[in-house]
1. In percent, how large is the relative contact order of segment 2-95, given Cα pairs closer than 8 Å and 6 or more residues apart?
2. What spacing in nm lies between the two simple spin-label points modelled at residue 93 and residue 39, each 7 Å away from Cα in the Cβ direction?
3. What number, rounded to the nearest 500 deg cm²/dmol, is the helix-based mean residue ellipticity at 222 nm of the chain, given -39500 (n - 2.57) per DSSP H run of at least four residues and division by all its residues?
4. Roughly how many whole Å is it from the C-alpha centroid of segment 73-99 to that of segment 28-42?
5. State the label only: which of (1) 169; (2) 101; (3) 157 corresponds to volume of the Cα convex hull per residue in Å³ computed from the shown model?
6. Assuming R0 = 22 Å, what is the FRET efficiency of residue 79 and residue 8, from their Cβ-Cβ distance, to the nearest 0.05?
């Protein structure tokens, strides 16, 4: 089953800047072959359910191994079985309706 996810993983106890953790997670997502779109407060991810979930787990493992004692993660995700839909399709659908 294909899933589109919005992932926001926040390491706690590592200081103010978290960019090195974002880079580490982004590399995991890329290595998994997932389609990603980085935004200011997270990453949109598209791919097969098990692959996406496995990559999120690997992100947690990697961020912990980098010294983060705690992580809080917010996940929003959607699936559909009536037709295929990509992240780009969803955005384009809205943009075509904007004045």
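Any read-out appearing in this document is the output of simple, stated calculations on the displayed coordinates, not a laboratory observation. Small disclaimer: the values here were computed from a predicted structure and weren't measured. For neighbour counting, all protein chains shown are included, and Cβ atoms are generated from backbone atoms with ideal geometry for every residue, glycine included.
1. 45 percent.
2. Label at residue 93, label at residue 39, 1.5 nm between them.
3. Taking each H run of at least 4 residues, the total per residue is -12500 deg cm²/dmol.
4. Their Cα centres are 16 Å away from one another.
5. Correct label is (2).
6. 0.70
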